[in-house]
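Below is a structure I'd like to ask you about.
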Amino acid sequence: MNIQAKLMIAAMGFAALPLAQAQGTDFEDFGRVVRVQPRVEQIRMPRQECRTDYVQVPVQQERGAGGGIVGGIVGGLLGNQVGSGSGRVAATAAGAIAGAMVGDRAENNNRPQGVQEQAVRQCRNVDAYESRTAGYDVTYEYRGQSYTTLMNRDPGNRVRLRVSVQPIDGY
């Protein structure tokens, strides 16, 4: 190798030295995973629980008017027969009112009340909790030292590391 070639190689080496120093401070390596512990959080998830109960509700049947009408006519006729002179009009009116009341009660008091089944919905709020994994506490070893970090996922048997080398002042 001639002297000119040696000088060229030396010049290229000196020119590349700053690049080698800048890139040589950080490098990638792997650490051995010793333990992975999921970090679990309890999330409150309120929800509503509902149920439907069926209750018996009395239903009032529609009132009939026929008993009151017939009772009023019969009472008016009887009042007319009882009264005489100027009291005949008053006796007819009183008989009609009394007959209408008696006829209405006779028809509607004995009317059976119906029963209807009605759905009643009852709801209440219940606190439910859901477990979620918020990350993983990962313990790993690198060059005889043990480190712990929080990671988004389980790394498996080894963890990829970025190693940074920096000089310490004072040495």
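Every number here is computed from the coordinates shown, using simple stated rules; none is lab data. Everything quoted here is computed from the prediction, not taken from an experiment. Positions of Cβ are generated from backbone atoms using ideal geometry, with glycine treated the same way; all protein chains shown enter the neighbour counts.
Under the rule of at least 5 residues apart or a separate chain, name every residue whose amide H is placed under 5 Å from the amide H of residue 161.
29, 30, 31
If you don't mind, there's one more thing I want to ask. Where does the charge balance sit around residue 128 when Lys and Arg score +1, Asp and Glu -1, over other residues with C-beta under 15 Å from its C-beta? Could you put the intermediate results ahead of the total?
Working: positive: 44, 47, 124, 132; negative: 41, 49, 127, 130.
Surrounding charge for residue 128 is 0.
A further question on this structure: List the residues whose amide H sits under 5 Å from the amide H of residue 142, counting only those 5 or more places along or on another chain, with H placed 1.01 Å from N in the peptide plane.
The list, which skips near neighbours in sequence, is 147.
Please sort 128-134, 68-74 by packing, taking for each peptide the average over its residues of neighbouring beta carbons within 10 angstrom, highest first. Don't skip to the answer; put the middle values down first.
Numbers: 128-134: 10.1, 68-74: 18.0.
My ranking of the peptides, most packed first, is 68-74, 128-134.
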